[in-house]
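Peer 1: Before I ask anything, here is the structure I am working with.
Each reported figure results from applying straightforward, stated rules to the coordinates on display, with no laboratory input. Keep in mind that this is a model prediction, so the values were computed, not measured. Using ideal geometry, Cβ is built from the backbone for each residue, glycine included, and neighbour counts are taken over all protein chains shown.
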Amino acid sequence: MALIKGGVVDYAAEGLTGRQYDALAAAGFPVLHGETPSILRLAMAIDKEPFTDARVRQAMLYAIPHDRILKTALAGRGKRQICLYNAEDPTCISNYDKYKLDLAKAKELLKEAGKPSFSFDFWYSTALPYNNDIAIIIADSLKSIGVTATLKPTPALQLLDAFRARINGTDQNMTGMLLNEGVIWLNDPSTLTNLALVTKTASAGVTNWARYSDPEVDELHLKYRNSSDVAGRKAAYKTIQEKAAAAAATANPLILIGRTIVVSPKITGVTFSQDPYARYVYLRPK
């Protein structure tokens, strides 16, 4: 913030919390937000306790305080994401809308599963400062249903190593729940499905940290990912979305983070594109 206010930095993104953006806006710096498809997601390690039971995983989603996250951690910038894929994807059925904050429902599901209380590790990267705020808010909400989330803030590269080791099966120690954010540039279901929902193989499931595996999902994706049968393809990815939401295991969408930036008052004409890069075109002194 000091570098921005001192004029040393003319453009900043991702390195600030919602509160810091608000402070800079109050000081006269343009703060801009665009609904680019950067989505905050939650995954649970379904091969390890306590998340082997789908009812427990569903309970976690019913305990997510989306409004508090948006208001407190993100200062109102962003919105709840209710589709597994990008919001503009024509295959979207927006079926994660059912996972509104409902602590009574969450407690009921945990009781049914025979796990009224437990603790687990909650992993997230320290590279994005608002991740810590979001994790604290989620952990606080989970306390209300008798669940303890042990926060595991981890440097990005170290987290990536552990992330890959779990996916590749070379290290079994990383379990619990993972909070992460990513951008899929295309408004199409094939990329995310191939990355996070399909069973891990040499060419698929390369970000399937949850170790989710469903033969029907694999079969439908393989058959329709590049199909020109529009109706059949839409029906296939509808089924995939329904199964993913019921499993509540991998790539669960929470918040459309979008992109928020702050610029020097001397810079005008800032626009947003879907890719996560800053590009300067035709800059002239004001």
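Peer 1: Running Debye on region 1-107 with equal point scatterers at the Cα sites and no solvent, what base-10 log of I(q)/I(0) appears at q = 0.10, 0.13, 0.20, 0.24 Å⁻¹?
Peer 2: The computed values of log10 I(q)/I(0) come out as -0.43, -0.67, -1.10, -1.32.
Peer 1: Further question on the same structure: Per DSSP H run of n ≥ 4, the term is -39500 (n - 2.57); total these for the chain, divide by its residue number, and report the mean residue ellipticity at 222 nm rounded to 500 deg cm²/dmol. Walk me through the numbers on the way to the answer.
Peer 2: Numbers: 8 runs with 87 residues, N = 286.
Helices in the chain give a 222 nm mean residue ellipticity of -9000 deg cm²/dmol.
Peer 1: Let me ask something else about it. Compare the Cα positions of A210, A231, L220 along the charge dipole of region 205-245 (+1 at Cβ of Lys, Arg; -1 at Cβ of Asp, Glu; about the Cα centre) and return the one farthest towards the positive end.
Peer 2: Selected residue: A231.
Peer 1: Here is a follow-up. Would any residue of region 65-106 have its amide N under 17 Å from a label point 7 Å out along Cα→Cβ of L186? List them or say none.
Peer 2: Answer for region 65-106: 85-92.
Peer 1: Compute the length gained on full extension between N95 and S203: take 0.36 nm times their separation in residues and subtract their Cα-Cα distance, giving the result in nm to one decimal.
Peer 2: 36.1 nm
Peer 1: Moving on to the next point. From the backbone phi of region 77-89, what are the Karplus-calculated ³J(HN,Hα) couplings (6.51 cos²θ - 1.76 cosθ + 1.60, θ = phi - 60°) in whole Hz, Gly and Pro given as x?
Peer 2: Coupling constants for region 77-89: 9, x, 7, 5, 9, 10, 10, 4, 9, 4, 4, 8, 5 Hz.
Peer 1: Below 27 Å, Cα to Cα, which lysines can K71 reach? Residues fewer than 8 away in the same chain don't count.
Peer 2: K5, K79, K98, K100, K105, K107, K143, K152
Peer 1: Report the gain in length on full extension from A54 to I267: 0.36 nm times residue separation, minus Cα-Cα distance, nm rounded to one decimal. If you can, show how the numbers build up before the last one.
Peer 2: Details: separation 213, 0.36 × 213 = 76.68 nm, distance 4.95 nm.
The span from A54 to I267 would gain 71.7 nm if fully extended.
Peer 1: Where does the Debye-calculated log10 I(q)/I(0) of region 163-223 sit at q = 0.14, 0.26 Å⁻¹, using only Cα point scatterers of equal weight, no solvent?
Peer 2: These q points yield log10 I(q)/I(0) values of -0.41, -1.16.
Peer 1: While we're looking at this one, here's another question. Rounded to the nearest 0.05, what FRET efficiency do T170 and E88 have when you use their Cβ-Cβ distance and R0 = 41 Å?
Peer 2: Computed FRET efficiency for T170 and E88 comes out at 0.65.
Peer 1: Now for a different question. How high is the relative contact order of the chain, given as a whole-number percent (alpha carbon pairs under 8 Å, six or more residues apart)?
Peer 2: Relative contact order for the chain comes out at 33 percent.
Peer 1: Mind checking the dipole of the chain: about its Cα centre, +1 per Lys or Arg Cβ, -1 per Asp or Glu Cβ, Debye to the nearest 20?
Peer 2: With only Lys, Arg, Asp and Glu charged at Cβ, the dipole is about 540 debye.
Peer 1: Within region 181-214, name every residue whose backbone N is under 20 Å away from a label modeled 7 Å from Cα of D47 along the Cβ vector.
Peer 2: 193-214
Peer 1: Can you list, largest first and rounded to whole Å, the semi-axes you get for the chain by taking the square root of 5 times each eigenvalue of its Cα gyration tensor?
Peer 2: Working from the Cα gyration tensor, I get semi-axes of 33, 24, 17 Å.
Peer 1: Got a sec to turn the phi values of region 175-188 into Karplus ³J(HN,Hα) couplings, 6.51 cos²θ - 1.76 cosθ + 1.60 with θ = phi - 60°, whole Hz, x for Gly and Pro?
Peer 2: 9, x, 9, 10, 9, 8, 10, x, 10, 9, 5, 8, 7, 8
Peer 1: From the residues L32, A59, I69, which one has its Cα farthest along the dipole of region 1-76 in the positive direction, the dipole being from +1 and -1 charges on Cβ of Lys/Arg and Asp/Glu about the Cα centre?
Peer 2: Of the options given, the answer is A59.
Peer 1: Give the separation of the Cα centroids, region 144-193 to region 17-61, in Å.
Peer 2: Each part's Cα centre sits 13 Å from the other's.
Peer 1: While we're looking at this one, here's another question. Lys and Arg at +1, Asp and Glu at -1: add these up for the other residues within a Cβ distance under 11 Å of A248 and post the number.
Peer 2: +3
Peer 1: Two decimals, Cα atoms only, Kirkwood Rh: what is Rg/Rh over region 67-143?
Peer 2: 1.01
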